[in-house]
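Colleague: Here's a structure for you.
The values are calculated or read from the model by the stated rules, or taken from the named source; none is laboratory data. Being a predicted model, the structure only gives us computed values, none of them experimental. Here the Cβ positions follow ideal geometry from the backbone for every residue, glycine too, while neighbour counts run over all protein chains shown.
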Amino acid sequence: MMINYKEKLQPVRAFVFDFDGVMTNGDVWVYADRETVRCGNIKDGFAVQYAVKKGYTVAVISGATSASIDNRMAMLGVTQCYTGCGDKIKTYEKFLADNGLRDEEVLCMGDDLPDYPLLQRAGVSACPADAAVEIKEIADYISPYEGGKGCVRDIIEQVLRLHGQWFHPDAVVW
């Protein structure tokens, strides 16, 4: 029997995101001094920090290495930011062990081929609307939003709403 995508969200306690192409639109500006700049989405950022405040574990596993990634995640309260990952599965296994998590408790969102093994392994796999075809073929959920344009907010909001932890006007605490 096929499990409904929404049913798979029920045990989710943690989010793992790729950075470039998921939390950004994939554009990277490289300056003459080799410093890189990326552009993120403020609503995605809000959802990330909101999930952290609600007690969810949030991590980034990225092949890229940049102080801008580390700085952005630190600003959002994400303490588990793994960059320069050549073997994302090895990093993912360490993440699971360090946090006492099982695959089915993790939602992973990626956009391109290096994310393929993570998406196959995680309890729930998701991708932005502009992900690679191969990623879309295995994703449990394809967001209607592109990378860096709301896909992170979309998936976090779905999980938190399902768990009764999304915004409620009578319980606003910022």
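Colleague: Go through segment 77-117 and give me each residue that's without any contact (Cβ under 8 Å) to a residue 12 or more places away in the chain and at positive phi.
Modeller: Hit for segment 77-117 is G100, nothing else.
Colleague: If I ask for residues that are of a type in the set (V, I, T), farther than 18 Å from C39 by Cα and in contact with a Lys or Arg (Cβ under 9 Å, 6 or more places away or on another chain), which ones from segment 118-155 would you list?
Modeller: Once the filter is applied, which keeps residues that are of a type in the set (V, I, T), farther than 18 Å from C39 by Cα and in contact with a Lys or Arg (Cβ under 9 Å, 6 or more places away or on another chain), segment 118-155 yields V124, I142.
Colleague: Also, I was wondering about something else. Just checking, does segment 85-93 include any residue being assigned to a loop (DSSP other than H, G, I, E, B) and within 20 Å of R13 (Cβ to Cβ)? It would help to see each step written out before you state the result.
Modeller: Kept after step one, since they are assigned to a loop (DSSP other than H, G, I, E, B), are these residues of segment 85-93: 85-87.
From what's left, within 20 Å of R13 (Cβ to Cβ): none.
So far as segment 85-93 goes, no, none of its residues is assigned to a loop (DSSP other than H, G, I, E, B) and within 20 Å of R13 (Cβ to Cβ).
Colleague: Let me ask something else. Quick check on my filter: what residues within segment 46-64 are modelled with pLDDT of 95 or more and closer than 20 Å to A131 by Cβ?
Modeller: Initial filter on segment 46-64 (modelled with pLDDT of 95 or more): 46-62.
Matches in segment 46-64: A47, V48, V58, A59, V60, I61, S62.
Colleague: Quick one: is D115 crowded, with 22+ Cβ neighbours inside 10 Å and part of a helix (DSSP H, G or I)?
Modeller: Values: crowded, with 22+ Cβ neighbours inside 10 Å: yes; part of a helix (DSSP H, G or I): yes.
Against the criterion (crowded, with 22+ Cβ neighbours inside 10 Å and part of a helix (DSSP H, G or I)), D115 qualifies.
Colleague: Under the condition of being within 14 Å of the chain's Cα centre (by Cα) and surrounded by 19 or more Cβ atoms within 10 Å (Cβ to Cβ), which residue from segment 83-93 is nearest to R161 (Cα to Cα)? Can you show your working first?
Modeller: Here is the first cut: in segment 83-93, the residues within 14 Å of the chain's Cα centre (by Cα) are 83, 88, 92.
In the following step, the residues that additionally are surrounded by 19 or more Cβ atoms within 10 Å (Cβ to Cβ) were identified as 88, 92.
Values: K88: 29, Y92: 26 Å.
Among residues in segment 83-93 that are within 14 Å of the chain's Cα centre (by Cα) and surrounded by 19 or more Cβ atoms within 10 Å (Cβ to Cβ), the one nearest to R161 (Cα to Cα) is Y92.
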